[in-house]
Amino acid sequence: MTSALVTLRDRTEILVDGAWRRPVGGGVTEVEDPATGTVVGTSADAGPEDVDAAVAAARRAFAGWSVTPLEQRLHVLRGWLDRLEARHDLLVDTIVSEVGAPVALARDAHVGMALDVLRAYLDEARAVHWQERIGSSLVFREAAGVAACITPWNWPLYQVLAKIGGALVAGSTVVLKPAELTPLSAYLLADAALEAGLPDGVLNLVPGSGRVVGEAMVTHPDVDVVSFTGSTGVGVRISQLAAPDVKRVCLELGGKSASIVLPDADLDRAVPASVQGAMLNSGQTCSAWSRLLVPHSLVPEVLERAAAEAGRMTVGDPRRDDTELGPVASATQRATVTGFVERAVAAGARVVAGGVDQPRDGGYFVAPTVVTDVGRDAEIVREEVFGPVVTVQGYIDEVEAVALANDSSYGLHGAVWSGDQERALAVARRLRTGQVDLNGAAFNPAAPFGGYGRSGNGRELGRYGIEEFLETKSVQL
Ligand code: NAD
């Protein structure tokens, strides 16, 4: 670690109205590296008075930013993207430190995918129907106002850009609260925005706790849109808190997604890819395929292959190029994950790979774990574990596979594997979920991402993500 990096991670201020300043209502908090348990930086810990100032700045800035011609807004935001690209290595290093993500994953997914998402917002801006004629009416899409954006720790850069990219293209202004565990990458985003000449107050950054800063944002009377990514329980509370003002609330919540392997699937691809999809980012991914569904007759073979894949994965120091799995985010998260596995075993489940023994000393590591002999009502099948754990269940036929996949209060993602693409597509159409990947198809940063049921009610990315931050006005002629 160079001394320059230490300084860059030694943040204590909030961004309000285009200027960095000490929080009035709060203090400073430490940021931990989950791979070592050591402190790697600091962040401001703001208070309600800081939220008031940030919302007031965003409201003032809205008057100008919302009526700035789209091309001009895009020009400024392209400059922001350029400056983020120039900070690529620093962003990667910061993500490795605050998330514990392996460096290759941090580079390709945490940073690479996040910048792809911003790029796609800029490309898709013109696809929005900013104005259209419907009979005797002109229908306008206009910026919704001040957006309170609250994000989780698992994919911090991506989650922030998935929100504020759409909001800023839309002409809305933003008050951002990143997760307590991972605020450092948000500082870098704000640095780049200032450097790019984003007008004062268009983006305000108030790191702090959910209970204090988050709730002050959600209940603030001058906030128009609340965009939240995080756990379903907090999403429910935020909806309730925002209801008295009839604020628009866009929720991106948890998941318990299924990967369905059909009998004609290529197991050489389907099983390793499904296990990787469950373990990605140490399983701390809302869209993780944490339930693997396979024909009963294939269960023994799939278990063998899944265990081999989990056992092959390199777990450990995230700063090594060949590491595939880093730690989970915190000691608390580790205890949560291992608790799920322990209770499943106590209830009769069988662990065929991994388990609760961590592979390394120090840091919050969990071995990639494959669990079977679980019923459809087992806790580990129904609840989001948010760690590197996949369950394997058998099904009788396609009808039962779809029924099992849909037997969840969540509906965020899913996968279907088949030698017949049409068959896979037909199954995908029957899944009650916001995204489905067929045969390992790649992530599309311009396609809408969001959930059914308790996975949320919003859509992020591309045109749909911009529209979350727009109002609609009809003018009759
Ligand atoms: P969390 O709900 O605990 O926290 C998320 C954010 O909300 C944090 O910034 C936190 O400070 C804030 N917060 C907490 N309590 C609050 C309150 N009362 N009022 C306002 N804000 C509050 O979630 P987490 O543990 O950080 O993240 C993990 C969860 O996020 C998982 O359930 C995961 O599935 C979900 N997630 C969903 C998506 C998606 O797109 N659907 C993406 C990533 C993560």
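Residues that are in a loop (DSSP other than H, G, I, E, B) and surrounded by fewer than 18 Cβ atoms within 10 Å (Cβ to Cβ) within segment 374-384 comprise 375, 376, 377, 383, listed in sequence order.
Would you say residue 142 is surrounded by fewer than 24 Cβ atoms within 10 Å (Cβ to Cβ) and touching a residue at least 60 places away in the same chain (Cβ under 8 Å)? Criteria met by residue 142. Residues in segment 367-383: is at least one under 30 Å from residue 89 (Cα atoms) and either polar (S, T, N, Q) or under 23 Å from the mean Cα position of the chain (by Cα) (or both)? Scanning segment 367-383, I find at least one residue that is under 30 Å from residue 89 (Cα atoms) and either polar (S, T, N, Q) or under 23 Å from the mean Cα position of the chain (by Cα) (or both), so the answer is yes. Would you confirm whether any residue within segment 58-72 is under 28 Å from residue 469 (Cα atoms) and of a type in the set (Ser, Thr, Tyr)? For segment 58-72, residues under 28 Å from residue 469 (Cα atoms) and of a type in the set (Ser, Thr, Tyr): present. In segment 201-216, the residue that is surrounded by the fewest Cβ atoms within 10 Å (Cβ to Cβ) out of those that are hydrophobic (A, V, I, L, M, F, W, C) and touching a Lys or Arg at 6+ places or on another chain (Cβ under 6 Å) is 213. Output yes when any residue across segment 403-415 is under 25 Å from the mean Cα position of the chain (by Cα), within 25 Å of residue 327 (Cα to Cα) and among the aromatic types (Phe, Trp, Tyr), and no when none is. No: zero hits.
Of the candidates 394, 411, the single residue that is of a type outside the set (D, E, K, R), within 16 Å of the ligand (Cβ to nearest atom) and surrounded by 17 or more Cβ atoms within 10 Å (Cβ to Cβ) is 411.
Counting only residues that are modelled with pLDDT of 95 or more and hydroxyl-bearing (Ser, Thr, Tyr), segment 31-71 holds 4 of them.
All told, residue 332 meets the bar of being assigned to a helix (DSSP H, G or I) and at pLDDT below 95. Entry remark, segment 423-477: residues being among the charged types (D, E, K, R), under 23 Å from residue 276 (Cα atoms) and surrounded by 17 or more Cβ atoms within 10 Å (Cβ to Cβ) number 1 in total. Of all residues in segment 147-183, those satisfying the criterion of being of a type in the set (Val, Ile, Thr) and within 16 Å of the ligand (Cβ to nearest atom) are 150, 151, 160, 164, 174, 175, 182. Check every one of the helices (runs of 4 or more DSSP H) wholly within segment 197-306 and list those with 2 or more residues that are among the hydrophobic types (A, V, I, L, M, F, W, C), within 16 Å of the ligand (Cβ to nearest atom) and not assigned by TED's automatic domain parsing to the domain that holds residue 354. So the answer is 215-218, 232-242. For segment 278-328, a residue qualifies if it is of a type in the set (Gly, Ala, Ser) and in contact with a helix residue (DSSP H, G or I) (Cβ under 7 Å, 6 or more places away or on another chain), and the qualifying residues are 288, 290, 306, 310, 326. Scanning segment 451-477 for residues that are within 13 Å of the ligand (Cβ to nearest atom) and on the phi > 0 side of the Ramachandran plot turns up 453, 456, 461. Would you be able to say whether some residue in segment 32-46 is more than 22 Å from residue 188 (Cβ to Cβ) and more than 24 Å from the chain's Cα centre (by Cα)? No, segment 32-46 has no match at all. So which of 339, 348, 362 is of a type outside the set (S, T, N, Q) and in a helix (DSSP H, G or I)? From the options 339, 348, 362, the qualifying one is 339.
Within segment 6-44, the residues that satisfy the criterion of being buried (at least 21 other Cβ atoms within 10 Å of the Cβ) and more than 24 Å from residue 89 (Cβ to Cβ) are 14, 16, 23, 26, 44.
Of the helices (runs of 4 or more DSSP H) that lie entirely inside segment 65-172, those containing 1 or more residues that are touching a strand residue (DSSP E or B) at 6+ places or on another chain (Cβ under 6 Å) span 88-99, 156-170. Under the condition of being more than 21 Å from residue 34 (Cα to Cα) and either outside the structural domain of residue 268 (by TED's automatic domain parsing) or of a type in the set (A, V, I, L, M) (or both), which residue from segment 311-356 is surrounded by the fewest Cβ atoms within 10 Å (Cβ to Cβ)? The residue in question is 346.
The values are calculated or read from the model by the stated rules, or taken from the named source; none is laboratory data. Small disclaimer: the values here were computed from a predicted structure and weren't measured. So basically every Cβ, Gly included, is an ideal-geometry build from the backbone, and we count neighbours across all protein chains shown.
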